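Remarks on the structure that follows.
The values are calculated or read from the model by the stated rules, or taken from the named source; none is laboratory data. For clarity, every value in this text was computed on a predicted model and none was experimentally measured. Cβ atoms come from the backbone with ideal geometry, glycine included; neighbour counts cover every protein chain shown.
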Amino acid sequence: MAGAVVEYSRGRSTYASLRLSVLQFLADPQWLVPSMIAPVIFALVSFELFRGAGAYFLTYAILGAGMMSMWGQTLYGSGWATGQDREFGTLEPTVQSPTPYLYVILGRVLWNVVSGLFGGLIVYLVILGVAGGPPAVPDPLGFALLFVFVMVTLAAVGVIFAAFYVYTRYAGFIQNIGEFAFYIGTGCMFPVVLLPFYTNPISLFFPPTWGLDALRYLAIPGYQGFSWGFWGDLAGAIVTTAAYLGAAAALFRRVERHVLEEGSLAWY
């Protein structure tokens, strides 16, 4: 019975956090520009640059711009996930509440995922209208399912960033320098295998790198990415995503212990 109460409290906290994130977005939808408008512009530019380059160039344009929308929302949204509590003075009281702080952050990150998917859908519809037809995808259902899983890998990165941002006053700086570096380093803009070989180990540290490479293997016949192929990419994405989520949970537990011991996070 006690366990059921705990689970209900966690679920209710996650839902309340998700609902509040939606209301805040509707009240001040400033994320429309970086997450929905800018990616459409990049998609249109990419479409014009590679018009007529082949049957699957449209897939590249949609993947690149769609992932820009989703990662931008995840990176900035996750930074604000803890930053808003610090700015409003609600970080310590929220962390000291009965529900683990991770579940409050989870609700905010879930909204980032949903809004990122919405941004990706807008990119798809715009390119669909300009091109006059859908992209050539051999397995649309598998592509859609894997696309959602790639969003989960982005959310895993967002959760651990949100935990890390508690310990730094430079979240905005990290966001600004990390946005385009992440676009390139994980293969949002183009396959990672096109980068110098010595950068690959760094890229493989991030779950979306594996997921995006698997997505291209599934969507583009003849694609040559990492040598281990589609199934190796999928396994790597699952393992790294699980590792990120586990690390985030451990880091949030450390934050909670620190607040309970010190009563504040004023030093950070």
Among residues of segment 74-93 being in contact with a Phe, Trp or Tyr (Cβ under 6 Å, 6 or more places away or on another chain) and of a type in the set (S, T, N, Q), the residue modelled with the highest pLDDT is 82
Being modelled with pLDDT under 75, charged (D, E, K, R) and farther than 20 Å from residue 110 by Cα, is that true of even one residue in segment 7-14?
-> no
(1) of a type in the set (A, V, I, L, M); (2) modelled with pLDDT of 75 or more; (3) in contact with a helix residue (DSSP H, G or I) (Cβ under 9 Å, 6 or more places away or on another chain) all hold for residue 171 apart from (2)
Exactly one condition in (1) surrounded by 22 or more Cβ atoms within 10 Å (Cβ to Cβ); (2) under 20 Å from the mean Cα position of the chain (by Cα) is not met by residue 219; state its number.
-> (2)
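Yes/no matrix, rows are residues, columns are (1) more than 26 Å from residue 199 (Cβ to Cβ); (2) within 15 Å of the chain's Cα centre (by Cα); (3) at pLDDT below 75:
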| site | (1), (2), (3) |
| --- | --- |
| 109 | yes, yes, no |
| 124 | yes, no, no |
| 133 | yes, no, yes |
| 136 | yes, no, yes |
| 151 | no, yes, no |
| 160 | no, yes, no |
| 165 | no, no, yes |
| 183 | no, yes, yes |
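Within segment 202-220, how many residues turn out to be over 15 Å from residue 232 (Cβ atoms) and of a type outside the set (A, V, I, L, M)?
Narrowing segment 202-220 to residues over 15 Å from residue 232 (Cβ atoms): 202, 205-206, 208, 219-220.
Filter again for of a type outside the set (A, V, I, L, M), leaving 205-206, 208.
Of the residues in that region, 3 qualify.
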Tell me which residues, restricted to segment 112-141, are in a helix (DSSP H, G or I), crowded, with 21+ Cβ neighbours inside 10 Å and of a type outside the set (Ser, Thr, Tyr).
-> 112, 116, 119, 120, 123, 127
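Mind checking which residues of segment 192-216 are among the aromatic types (Phe, Trp, Tyr) and either closer than 16 Å to residue 67 by Cα or touching a residue at least 60 places away in the same chain (Cβ under 8 Å) (or both)? Working first, answer last.
Step one: filter segment 192-216 for residues among the aromatic types (Phe, Trp, Tyr), giving 197-198, 205-206, 210.
If the condition is that a residue be among the aromatic types (Phe, Trp, Tyr) and either closer than 16 Å to residue 67 by Cα or touching a residue at least 60 places away in the same chain (Cβ under 8 Å) (or both), then 206, 210 are the ones that fit.
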Please give the number of the condition residue 58 fails out of (1) buried (at least 22 other Cβ atoms within 10 Å of the Cβ); (2) at pLDDT 75 or above; (3) over 20 Å from the mean Cα position of the chain (by Cα); (4) not β-branched (Val, Ile, Thr).
-> (2)
Residue list for segment 225-256, filter: over 19 Å from the mean Cα position of the chain (by Cα), closer than 13 Å to residue 102 by Cβ and surrounded by fewer than 19 Cβ atoms within 10 Å (Cβ to Cβ) | 250, 253, 254, 256
